[in-house]
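The values are calculated or read from the model by the stated rules, or taken from the named source; none is laboratory data. Small disclaimer: the values here were computed from a predicted structure and weren't measured. Every residue, glycine among them, receives a Cβ derived from its backbone with ideal geometry; neighbour counts consider all protein chains shown.
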Amino acid sequence: MEQSKKMVNGHYEFCLLLRDNMFILPNNHTVVISRLRSLQKKLKMNPTFHNDYKKLMLTLLQNGVEEVVQERELFRNDGMVYVPPKET
């Protein structure tokens with residue numbers, strides 16, 4: 001972990017520590033769709049939240065923190081795509 005440590009824009013970044021480079025993650029597409037629908041409902045009900053959310057997403061995209069996922073990547077089933085569970 002020490003070997004991968006680097007400072008980027010005032011924050012430390014580390015490589016993920018996996019025992020095996022071919023670590024297979026579960027396909028959680030149905031969970032992601034459910035979370036998306038819930039978010040869409042919240043955005044429709046709260047215009048202020050919707051505007052704030054859009055600004056945040058644009059900032060994350062512009063800063064390279066997030067990236068747009070190509071449609072062809074949405075249904076990969078090779079164990080290399082996973083959306084982390086929502087923190088409570």
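Taking the range 1-28, which residues are within 18 Å of Val81 (Cβ to Cβ) and at pLDDT 80 or above? Passing the criteria: only Asn28. For the range 36-83, enumerate the residues that are in a helix (DSSP H, G or I) and within 28 Å of Tyr12 (Cβ to Cβ). Answer for the range 36-83, where residues must be in a helix (DSSP H, G or I) and within 28 Å of Tyr12 (Cβ to Cβ): Asp52, Tyr53, Lys55, Leu56, Met57, Leu58, Thr59, Leu60, Leu61, Gln62, Glu73.
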